[in-house]
Every structure is written in C-alpha cells, then in structure tokens.
Amino acid sequence: MKTDVAIIGGGPAGMLLSQILDLNGISSIVLERQTKEYVLGRIRAGVLEQGTVEMMSKAGIGDRIEKEGFIHESIGIGFDDAVHSIDVVGLTNGSVVTVYGQTELTKDLYQIREETKGVVLTGVEDVQLYQLTTDEPYVTCRHAGENLRIDCDFIAGCDGFHGPSRQAIPVSHLNEYHLSYPYGWLGVLSETPPVCDEVVYSNHERGFALCSMRNKELSRYYIQVPSGDRVSDWSDDDFWKEFKQRVPNVIASTIVTGPSIEKSIAPLRAFVADNLNYGRLFLAGDAGHIVPPTGAKGLNLAVSDVYYLSEAFKSFYKQGSEKDLSNYSSTALRRIWKTVRFSLMCTKMLHLSPQSTPFEKEVQKAEIRYLLSSKAAMTTLAENYVGLPY
Ligand code: APR
Ligand code: PHB
C-alpha cells in the first residue's frame, strides 16, 4: 500500500490529522490498534478551547459542537465554602470555552472519515516503523490476518503515550521529562442534571473536587484520591458523601446524585518528549506529552499539535518547502511547555498534597485568595484556560 502520510493511532490526534490532510488533497492511512467501538467507548474530558472548536469546524465537524456543545463564559473556583465565578469572557475580551465530550468529538471524526472514504484500519497489530531517516519510510503491521506494508513519505505518530512511535526515536535524539503526583482523580458519570452551569474547581482541606457535565442530563464529577486507590474501594455512596464534604454548601445542598454509569480513576502526571521529530517521523498528541487534567488541556494540546503539523505538511506538498516540518518540533513544544506550566500551576494551587507542610498549605490559601482578588491574576488564568494563541 502507498500513501503520503501513514498515521499511527486513531484517537483524536490521528483522526483529526487524517481529515485535515484529506481536505488538502494529502492522502493518509490511519492504523488503529483497538476496535472503533473501544476507541469510542473512552470517557475523556471535553472542555474545548476556541482554537479547538475552530479546527473542528475547519475539519467539517463543527455543526454538532455548535448545536450540542455548552458555551461557558466563566469558570467557578470553590473556596472557603463559596463558589467564586471568574468572568472568562470579560477578562479575555470575548473568548469562551465549549464543553463537548471528547467521546462525541471522536465519534464525529470517525463518522466524517467514513463519509469521506478515509482509510482507517482498526484492529491493527504489531505496527513497526522503518527507514525513518530516509525519504522512503514505511510501516508494517498485521490487519485482518494479512501482513501489510505501507510505503509513505511521512509517518505521524499519534499513538498516545504507550504507542511505538516515540519508542522508534533513538535515545540519543530524545529527552523525556516526567512528573507524577501522589494522587489521582476518581471520576463518576451520572445521569443527573449538572449542579452548576459552569465547571467548578473546588479546593478543600479534605482534597480537590470538580463539577462538570456532558449535557443537561449527564453530569461528570471528580474527587482527588490517593495514588493506589482502586475504583472498587469507592462505592457510589462513599463517593457522593466525600464529594459533598469537599464542595461549597451551595453545591452540596442542591446536587442531584445518582448511580454511576461510569466510574474510573485517572492518575495525575505530566510528561514531555523534548523532540517530536526524527527524520520522517513526527509525533503529535499524547505520543509527545501528557498533562494533568486540571487545566483540561490534553485534547486541546493534541489539536494544536495537529494544527502545526498539518500546516507543515501542506507547506511541503503545496510549496515543496520543508521549513515548517523542520521547525515543527520546536514550534509545537513552545506551546506545549506553556500549557504544561498552566496545568501544573492549577494542579498545585487546587489539590491537597500529602507532602505539603503547614507553611505550604497557608501559601496555597494565599495563592487562591490572591487569584480571587486580582484582576491581573484572574486574567492570566482566563487567557490560559481559553487557550493560548497557536
Ligand atoms: N498501534 C496502533 N494504534 C495504537 C498503538 C499501536 N501500537 N498504540 C496505541 N495506539 C492507539 C490507541 O489505541 C489510541 O486510540 O493510538 C491512539 C492514541 O489516542 P489517544 O491516546 O486518545 O491520544 P491522542 O489522539 O493524542 O489524543 C489525546 O486523548 O488520551 C486522551 O487525555 C488525552 O485528551 C487527550 C487526547
Ligand atoms: C471533564 O468534564 O471531564 C473535565 C472538565 C474540566 C477539567 C477536566 C475534566 O479540567
């Protein structure tokens, strides 16, 4: 098989890249290890930056986001038994975020690739990358019992943190930066009306809690739990009891609770590969970086990577220029590190760290009080939350 760009990974990054390339006359083949049903069954955050919404609209899947997404003009900070609303739209002269589940966004991407006859192979096994430092790279894999070889001009590694693409970069060409937190997020999806019409991040001495939603009848709530906790350690009743202790009473006294239809624990960690390009291989999305979910940036960073990489491929195929491809890694990493900074700042400010000294706990309270009392501090948070410019 021959294609312009072989894309490893059929998550948001791989599928969006495939669609954008297709719209620009650049062919691709997506190789996804899981079944489509498995990929579409993943429950992930869905707070879309304006740049992400614009990219989805460019990809031709903006309609449902516009129809079903929730425009949020503010975010709430729960602190000292009150919800403090930060006027995101006012502080950023009109920028907003859109709440629209990543699951729905991935469904839309699969649907449009099917409608546009995109080549997306699912259930692919044993993907291997070859000849990355030549201008004739290729990928081999097994699909439907057949051994395949895909000859291409470029390989896009959109295969997430555990995929083979980053592993194909020699250690001499790659530094990895890792940070892990001694806690994670226990998340619950419940068929109940959201308690707030904004996302509320609650700091409490018992630990962090978050109120979010998917639609008018589907709510998403989280509490910080120690690393090592298992979902089986937490009954629904235990979850709701702890959650209500960590949020302001105005939420605890009005929330509609219900049985969890999904319950999972996500570890909090951060990771950055300091090189997203090796020869004809380019990494995008979780293959190159992971951020803690506090800033809701994982999906949005994958999208900005795809923006830079698709622009670089367009420049190569339309003008024959390799300049943007050569600059892709450094360009994408500048925005990645700024977004990592923001996500880590939010995580430190809002979570209870078991290692915090009493002194550090007082500083954390002062940090939040300063944020809530300073237009400059709230503006900084707001402009990062809606997304830094590409
Ligand atoms: N062969 C083929 N596909 C693979 C392989 C492999 N060896 N290894 C991983 N994959 C696939 C995974 O099954 C997954 O569907 O690569 C895809 C990577 O998708 P994501 O992990 O969703 O990463 P990405 O597309 O970069 O999107 C980032 O997804 O994980 C969330 O929090 C993250 O919101 C962020 C977004
Ligand atoms: C979510 O809705 O799942 C969500 C919202 C905001 C975050 C993280 C997750 O920061």
State yes or no: is T122 in the same structural domain as P12 (by TED's automatic domain parsing), more than 10 Å from ligand 1 (Cβ to nearest atom) and polar (S, T, N, Q)? no
Look at V120 and say whether it is away from ligand 2 (no atom under 16 Å from the Cβ) and touching a strand residue (DSSP E or B) at 6+ places or on another chain (Cβ under 6 Å). yes
Which count do you get for residues in segment 195-245 that are of a type in the set (A, V, I, L, M, F, W, C), open to solvent by 30 Å² or more (accessible area, probe 1.4 Å) and either farther than 15 Å from V83 by Cβ or in a helix (DSSP H, G or I) (or both)? 3
Quick check: anything in segment 299-312 over 24 Å from K58 (Cα atoms), within 14 Å of ligand 2 (Cβ to nearest atom) and buried (at least 17 other Cβ atoms within 10 Å of the Cβ)? no
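If you check E360 against the conditions, is it over 30 Å from Q131 (Cβ atoms), of a type in the set (D, E, K, R) and part of a helix (DSSP H, G or I)?
Considered against the rule, which asks whether it is over 30 Å from Q131 (Cβ atoms), of a type in the set (D, E, K, R) and part of a helix (DSSP H, G or I), E360 comes out as yes.
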How many residues does segment 327-340 contain that are away from ligand 2 (no atom under 16 Å from the Cβ) and in contact (Cβ under 8 Å) with a residue 24 or more places away in the chain? 8
Residues L344, L333: which one is in a helix (DSSP H, G or I), open to solvent by less than 40 Å² (accessible area, probe 1.4 Å) and of a type in the set (A, V, I, L, M)? L333
Please count how many residues of segment 293-318 are at pLDDT 95 or above, within 13 Å of ligand 1 (Cβ to nearest atom) and part of a helix (DSSP H, G or I). 12
Taking segment 136-157, which residues are more than 11 Å from ligand 1 (Cβ to nearest atom) and surrounded by 13 or more Cβ atoms within 10 Å (Cβ to Cβ)? P137, Y138, T140, L148, I150, D151, C152, D153, F154, I155
Look through T92, T106 and report the one residue that is within 23 Å of the chain's Cα centre (by Cα), at pLDDT 95 or above and within 16 Å of ligand 1 (Cβ to nearest atom). T106
State whether one or more residues within segment 370-379 are within 24 Å of R269 (Cα to Cα) and open to solvent by 50 Å² or more (accessible area, probe 1.4 Å). no
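The values are calculated or read from the model by the stated rules, or taken from the named source; none is laboratory data. Keep in mind that this is a model prediction, so the values were computed, not measured. So basically every Cβ, Gly included, is an ideal-geometry build from the backbone, and we count neighbours across all protein chains shown. Note: areas computed on protein heavy atoms with side chains; ligands, DNA, RNA excluded. Shrake-Rupley method; radii C 1.70, N 1.55, O 1.52, S 1.80 Å.
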